[in-house]
Each structure stands twice: as structure tokens, then as C-alpha cells.
1. Residues to consider are K77, K35; find the one that is touching a residue at least 40 places away in the same chain (Cβ under 8 Å) and away from ligand 1 (no atom under 13 Å from the Cβ).
2. Regarding V10, is this residue within 16 Å of ligand 1 (Cβ to nearest atom), of a type outside the set (F, W, Y), at pLDDT 95 or above and more than 17 Å from L178 (Cα to Cα)?
3. Among (1) at pLDDT 90 or above; (2) in a helix (DSSP H, G or I); (3) within 24 Å of S210 (Cα to Cα); (4) not aromatic (F, W, Y), where does I196 come up short?
4. Given the condition over 16 Å from L172 (Cβ atoms) and crowded, with 17+ Cβ neighbours inside 10 Å, answer yes or no: does some residue in the range 92-108 qualify?
5. Scanning for something in contact (Cβ under 8 Å) with a residue 60 or more places away in the chain, surrounded by 15 or more Cβ atoms within 10 Å (Cβ to Cβ) and part of a helix (DSSP H, G or I), does the range 149-159 turn up at least one residue?
6. Could you identify the single residue in S46, S36 that is surrounded by fewer than 16 Cβ atoms within 10 Å (Cβ to Cβ) and under 30 Å from L258 (Cβ atoms)?
7. Of all residues in the range 1-34, how many are part of a loop (DSSP other than H, G, I, E, B) and polar (S, T, N, Q)?
8. Kindly establish whether I144 is buried (at least 20 other Cβ atoms within 10 Å of the Cβ) and not in a helix (DSSP H, G or I).
Amino acid sequence: MSESWPLLEVKDLRVAIPSAGIKVYPVNGISYTVKSGEVMGIVGESGSGKSMSSYAVMRLLKDPIKVESGEVLFNGKNLLSLNKSDMEAYRGSQISMIFQDPLTCLDPVFTIGEQLTETLHAHEEISDAEARKRAVEMLRSVSIRNPEEIMHNYPYEISGGMRQRVMIAIALLCRPKLLIADEPTTALDVTTQAQILRLLKRLKKENGMSMVFITHNFGVVANICDRVSVMYGGHIVEQGMLEDIFNSPRHPYTQAILRALPKSESTKGERMETISGEPINLIDAPSGCPFNPRCPFAKDICRREYPGVTAISDTHIASCHLLAGGASDEQ
Ligand SMILES: Nc1ncnc2c1ncn2[C@@H]1O[C@H](COP(=O)(O)OP(=O)(O)OP(=O)(O)O)[C@@H](O)[C@H]1O
Ligand SMILES: [Mg+2]
């Protein structure tokens, strides 16, 4: 395998939302690195901060939500300190994102063809004819059978699944070095999901594209991710190679979500099941470890202090007092 280097380094990223005179933190000090050519999966239940952390990386948070602290290094450059136009030059060409909601990035008043060719013109010196050709090819590679026709349609004229594919096409059009894919295949049928995953894997192999892949689907994680970060309540509670997380999960939350997965082969691709207890409420977040109210092993220290990071191996870390030995002599 060729040399890989850290393409994206997210360091202690914290996102704040002002709410009724206080601040809440949907992303509360997360760190992860995506090496060139690597796919980092982000999993965690609804509301854990997966989308918000990606918006922060893309600098797409909407006022009054703000990055309060941290760094986002892309090839060593801190994206958070770029001016607006420099950031726009990165976005869509070097880094692009597939949004959870396909309507987020499609403009209702332009045809699909106009939106695709405009994306190319914004980032590359390219003729109209060449732009149209690339757009049609890309639509075909996301399994759209009649790309010439679709080019003339407006977003409202096509189905939700089709819109999702168009959005994937727009995200991939400029051959980004990093793709952030937020539940990219959720709205698609199983066959199309498989085609899209194959396309993304091909782009990873041929273009060395790196990815941050957000999903609830553990079948998809196993299929495409090299490493996995598990999020809970705005924190990354465990991180490791795919095998570390699947074969020897160490955080009680990771263990619980893996245990809740359907066991039989035929249902392996199912979405994450919910686990018992209430998801975290940001306004009234528990002190100490955010998972303590739902954790069967919680001790006093878990209710008092946020656990530090414990290295389980060179590739595997988790934040849990039980692993650090801090809870061993308590009730
Ligand atoms: N515009 C907003 N204003 C206030 N709070 C928000 C806003 N968007 C999200 N949140 C809150 O921020 C937290 C993180 O949300 P986020 O959308 O990142 O979760 P997620 O992990 O992507 O969930 P899902 O799996 O449902 O997509 C949640 O508690 C959510 O309620
Ligand atoms: Mg989300």
C-alpha cells in the first residue's frame, strides 16, 4: 500500500448553541484523523452530534450555532481560519459533502443539469460541452438510467431517491479528496445502495478519495469503513479500526449498540436498534460521563467526572472510567 498521511485532523472540536441564556454543546470536544485513502465511519444514535460535527468541518453551521474551539486541519491547513472565499474554493472541489436531507443542497429554481454544470464551472476551467458531458457521465455512474432527460428536470420533478443520487453526483463531480457522506444511502432501495457503495469504493481505490461516512447501518460500516468513531452525547466515546470496534468493543455504549443488532446474517444490514434508557438531553446534560444514566456499570466517579482517554492498543481508544481503573474501588 502507498504511503498515507493525515488528510483531515479534527482536534478538540466544540460546537455551541446558545439557548435561553445558556450554551449547549452538541459537539463537545471531538478529535479524529482521517488518513489519505481511508474511510472513517461515524456511528451513534440520533442526536449524538454526527451531522453537526460535519457541518462544523465544512463550515456550514448556521447562526447562532458556532464552533467555540478546536481545529480542523485539511492537509495541515486550519479550515476554521480561512476567509469565506478561500473556504468556498475548498468546498465542493477538495472537500464535499452529501447531506442527510437531499433538498438541503438542491436549488428548486434550477434544473439538475444547470446545478451540475454550475458546480463544475465554479471550480474548473471547462467548456460548456465538456461540463455537460462530465455531468451526464456522473449521473450515469450514480445509477441514473436516463441522465440526458434528468438534466432537464427541476428537483421537484424527480423522486426522493433520484434527488439523493443527484446530490451524490454533485458531491463527486469535482473528484474531491475528502467526501463527508451523511447517511448517503438511507433513502435508497437496497440495490441502489449497493451500487452507490460500490461507486464510492471505486473512487476510494482509483482516486485515493478519503471519506467520513456517517451511518446507522452497521452492515454499511463493515462494508466500507477502515476505522470507526462511536459518538454519544457530543463526544467520541470509542474509536478504533473496524475490527477493534466490531470484535472487541470496550465502551459500554458500543457494547450495548452492538448487542442490540439483529443477529442473523439475513438481517445484518439493519439500522442500529435503540438501546434502553433515554437519549441525552442537551439542555439538561448529565454531569460526568454522558452515558452514566444509561450505563449498567456506572459508579460514583462516572457521575462526577468526564473520563479521560484510555489507549487500549495503538489503534484503539475509549473514554470510560472502568477502563482507566478509576471506578474499580468504588460502588
Ligand atoms: N438547528 C438546531 N438548533 C438547535 N439544536 C439543534 C439544531 N440542529 C441540531 N440540534 C441538536 O444538536 C444535537 C446534535 O444533532 P445532530 O443533527 O448533529 O445529530 P445526529 O447525530 O446527526 O442525529 P441523526 O442520526 O438523527 O441525524 C441534537 O441534540 C439536536 O437536537
Ligand atoms: Mg444527522
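The values are calculated or read from the model by the stated rules, or taken from the named source; none is laboratory data. Computed from a predicted model, the values in this text were never measured in an experiment. Counting neighbours? That spans all protein chains shown, and the Cβs are built from the backbone with ideal geometry, glycine included.
1. K35
2. No, not satisfied.
3. That leaves (1) as the condition not met.
4. yes
5. No, the range 149-159 contains no residue that is in contact (Cβ under 8 Å) with a residue 60 or more places away in the chain, surrounded by 15 or more Cβ atoms within 10 Å (Cβ to Cβ) and part of a helix (DSSP H, G or I).
6. Values: S36 fails: surrounded by fewer than 16 Cβ atoms within 10 Å (Cβ to Cβ).
From the options S46, S36, the qualifying one is S46.
7. Selection size over the range 1-34: 2.
8. Details: buried (at least 20 other Cβ atoms within 10 Å of the Cβ): yes; not in a helix (DSSP H, G or I): yes.
So I144 fits the description; yes.
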